[in-house]
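For reference, the structure is listed below as C-alpha cells.
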Amino acid sequence: MILKGVNLAVKKGETIVVLGKSGSGKSVILQCIIGLIKPDEGVIKVFGKDINTLGEKEFLDFRKRTGFLFQSGALYDSMSVRENLEFPLKRHYGLESKELNSKVENALREVGLADAIDKMPSELSGGMRKRIGLARTLILQPEILLYDEPTTGLDPGTSREISGLIRGVQKERGMTSVVITHDMECVRITADRIAVLKEGRFIKTGNYEEVKTDGDEFIKSFFE
Amino acid sequence: MDNIRGKIIEAGSIIRFSLRFFREAARPPFEIKETIRQFYFLIVKSLPLVSITGLIIGLTLALQLKPTLGSFGADALIPSLLSVSILREIGPVIISLICAGKMGSAIGAELGSMKVTEQIYAMEVSAVRPFSYLVVTRVVAATIGVPLLIVFANSLALYGGYIAMKLMSDTNLRLYFTIALDVLGFDDVLPSFVKTFFFGFTIGIVGSFKGYNCSRGTESVGIAANASVVLASLLIILIDLIMVQISTLL
C-alpha cells in the first residue's frame, strides 16, 4: 500500500503543492484524484461528489472540468500541435473551424508558443512539449488543474519559466491547482500551501515559510 | 502451471476486450475520419507488399506444378488447380499471415508506445474515450481491409500463374482464366471469403489488445509488437482450421 490514510482538503482557487521524495506516492495521489487509479478504500470528493460513485456521463463531465498536465506533456505523436489542441475541443464542442482556430491560437499565445502551431511533437524541446501540454489542458477551460512533476527533466531556466507560467495561469484564471513536485524553486514560485508526504501520510501542511522553518529533519532536507 | 493459468487469463481478457469492441463500436461518436486514416495506413500502404507476395505465390505454384503434372500429361489442369488452391486456402492464409506481421506489429507498437508515453491516459483525462478512437478505428479498418487485400492478392496470384504458364508454354490469357474460373463454385469462394473477415478482425483485435495493455517501459513496446504477430498468426491458423471444418460440414 503506497498511501496510508491520506487526508487533504484543497480550497477553491488555491494552489497546493504536494512535496515528497521519489516513489513516495505523489503521482498516485493525482491519478486517484483524476480517476485513473481507484483507491482500495477511502473517499475522493471533487466538486462535492465522490468520484468513484459517479455514473459514466457525470464522470466524463467531471474530467472535462479537471485538467491534468503529464510529466512528459503526453502530446499525441501522430498529430501536429494544432491537431493536439483541436483534438479535445472537436470531441466536446461542435465548433466551426474559425472558432476552433482562434481558440487554439489563443491557448498557444497564452503559453508563449504561437509560432509552434504547425510543428510536430518530435520537433519540440522538453520545455516546449510541457507548454503545449499545458495549452491543450487549458483549452478546455478546466476549473481544477493537476500538475504531475511539471519541471522534471528541464534546465533551471526553463523550470523557472514553467513555474512562472503555472503561477500566471493560476492568478489569471483563479483555478484550483494541485502540483506534484520535488523541485523547490517550483514550490517557492507556485505554492499557496504545501503538503509534505512521507511514507504514505502527510506529515506537515502550511505555507512556504511555515514548512521551511519546521524542525523535522525530513522536511529540512528539501530546503538544504 | 502458472504459465497455463496466465494463458487462460489472457484468453479471457482478449474475449472481454473483443466484447468491449462491439459495445464501443455501436456507440457514438463514430470516428469515421480516423477509421479512413487507419484504412490508408494499414491497408493501402500494405498494397505493394501484398501485391508482390500474391504475384510470387501464383508464379511459384505454377512453376512447381508444371513438372509434376506435366509428367502425367495433365498440364491443362494447372489453371484449375491453381485457382482452387489459391482462392480456398493459400491466398487467404498466406496474405493474412503477412498482414499479421505488418499490421499486427504496427498496431501493437503504436498503441504500446502511446500507452508508455501516457498518451492514452492523456485522452482519458480529457474525457475522450480512447478505446473508441484508437481501438475501434483500427479493428474496423483491418476487418474491412484485409479481405479486400486478399481478393486483390488472389487475383494477382492467378495472374502470376498465367505468367509462369506463358513462360513455359504458349498459353492464351482468355483460355487460362476460363479454365481457372470455370472450376470454381459457390462453396469455393464464399467460405474462404467469409473467413478473411475473421482473419482481419483477429489481426486488429490482437494488435490493439497487446498495445493497449502494454505495461510501462520501452522494452514492453517491443514485446507487445512481437506478441501481436505471434498470437495473431497462431489464431489465424486455428481459425482457418475451424472454418475449413465448418465449411466441410455445411
### Task
Enumerate the aspartates and glutamates that residue B:33 could reach by cross-link, defined here as Cα to Cα under 19 Å, with residues fewer than 8 away along the same chain left out.
A:77, A:83, A:86, A:96, B:24, B:110
#### Entry: Cross-link table A:57/B:210; A:26/B:210; A:38/B:115; A:45/A:90; A:4/A:38, entries beyond 22 Å C-alpha to C-alpha
A:57/B:210; A:26/B:210; A:45/A:90
### Query
Per residue and in Å³, how big is the convex hull formed by the alpha-carbon atoms of the protein assembly as shown?
194
## Note on the structure
Rounded to the nearest 5, the percent of DSSP beta bridges in the range A:67-224 running antiparallel is 40
### Cα Rg, Dmax, the range B:12-66, angstrom units
18.6, 55
### Query
In the calculated pair distance distribution of the range A:31-126, what percentage of Cα-Cα distances lie above 17 Å?
61
### Query
Between residue A:46 and residues 5 or more places away or on another chain, which pairs have amide H atoms under 5 Å apart, with H built 1.01 Å from N, and which residues are they?
A:51
### Query
So, with +1 on the Cβ of K and R and -1 on the Cβ of D and E, and no other charges, what is the size of the charge dipole of chain A about its Cα centre, to the nearest 20 debye?
400
### Query
Which of B:203, B:107, B:163 moves the most in a Gaussian network model of chain B with Cα springs under 10 Å?
B:163
### Message
Students often forget the sequence filter, so: which lysines lie under 22 Å Cα-Cα from residue B:195 once same-chain residues fewer than 8 apart are removed?
### Response
B:102
### Message
Give me a comma-separated list of calculated 3J(HN,Hα) values for the range A:165-172, in order, Karplus coefficients 6.51, -1.76, 1.60 applied at θ = phi - 60°, integers in Hz, x for any Gly or Pro.
### Response
5, 4, 5, x, 4, 4, 5, 5
### Query
What does the highest-first list of B:135-147, B:175-187, A:118-130 look like by mean Cβ count within 10 Å?
B:135-147, A:118-130, B:175-187
### Query
If you place +1 on the Cβ of every Lys and Arg, -1 on the Cβ of every Asp and Glu, and leave all else neutral, what size is the dipole of the protein assembly as shown about its Cα centre, to the nearest 20 Debye?
580
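When only DSSP loop residues count, what GluC sites (Glu not before Pro) in the range A:1-96 have their Cβ near at most 16 other Cβ atoms within 10 Å?
Sparse-neighbourhood loop GluC sites (Glu not before Pro): A:14, A:41, A:96.
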### Query
Which far-off residues, 5 or more places away or on another chain, put their amide H under 5 Å from the one on residue A:17, with H placed in the peptide plane?
A:179, A:192, A:193, A:194, A:195
### Partner chain coverage, peptide A:71-77 - average Cβ within 10 angstrom
5
### Query
Over chain A, one equal point on each Cα, no solvent: what is log10 I(q)/I(0) by the Debye formula at q = 0.10 Å⁻¹?
-0.46
### Task
Count neighbours as other Cβ atoms within 10 Å of each site's Cβ, and list the chymotrypsin sites (Phe, Trp or Tyr not before Pro) in the range B:1-88 that are DSSP loop with at most 13 such neighbours.
B:72
#### Entry: Partners for residue B:166 among aspartates and glutamates (Cα-Cα distance below 17 Å; same-chain residues under 8 apart left out)
B:75
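Please give me the summed charge of the neighbours of residue B:200: other residues whose Cβ is under 15 Å from its Cβ, Lys and Arg +1, Asp and Glu -1. The partial results should precede the final answer.
Details: positive: B:102, B:138, B:195; negative: B:240.
Every neighbour counted, the sum reads +2.
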### Message
Give me a comma-separated list of calculated 3J(HN,Hα) values for the range B:14-31, in order, Karplus coefficients 6.51, -1.76, 1.60 applied at θ = phi - 60°, integers in Hz, x for any Gly or Pro.
### Response
5, 5, 4, 4, 5, 5, 5, 4, 5, 5, 6, 5, 8, 9, x, x, 8, 7
### Query
Based on Cα positions only, what radius of gyration and what Dmax would you give for the range B:156-250, in angstroms?
19.7, 61
## Note on the structure
Mean per-residue count of partner chain Cβ within 10 Å for B:112-121 equals 4
### Query
Out of B:243, B:46, B:175, whose Cα points farthest toward the positive end of the dipole of the range B:46-249 (charges: +1 Lys, Arg; -1 Asp, Glu; placed on Cβ)?
B:46
### Task
Can you tell me the dipole magnitude for the range A:1-68 around its Cα centre, using point charges on the Cβ only (Lys, Arg +1; Asp, Glu -1), in Debye to the nearest 20?
220
### Query
Per residue of A:62-68, how many C-beta atoms from partner chains lie within 10 Å of its own C-beta, taken as a mean?
3
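How far, in nm, would the chain grow between residue A:185 and residue A:106 when pulled straight, counting 0.36 nm per residue and subtracting the alpha carbon separation?
Taking residue A:185 through residue A:106 to full extension adds about 25.7 nm, to one decimal.
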### Overall Cα dimensions of the range B:1-150, principal axis frame, Å, largest first
70, 45, 28
### Query
Cα-based Rg (one decimal) and Dmax (whole number) for the range B:46-249, in Å?
20.2, 70
### Message
Check which residues have an amide H placed less than 5 Å from residue A:198's amide H, if you skip close sequence neighbours.
### Response
A:203
### Task
Tabulate in residue order the Karplus-calculated ³J(HN,Hα) for the range B:235-248, using 6.51 cos²θ - 1.76 cosθ + 1.60 with θ = phi - 60°, rounded to whole Hz; enter x for Gly and Pro.
5, 4, 5, 5, 4, 4, 4, 5, 5, 5, 4, 4, 5, 5
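Values in this text are rule-based calculations from the coordinates and carry no lab data. Keep in mind the model is a prediction, meaning the values are calculated, not measured. Neighbour counts are summed over all protein chains in view; Cβ atoms, including those assigned to glycine, are modelled from backbone coordinates with ideal geometry.
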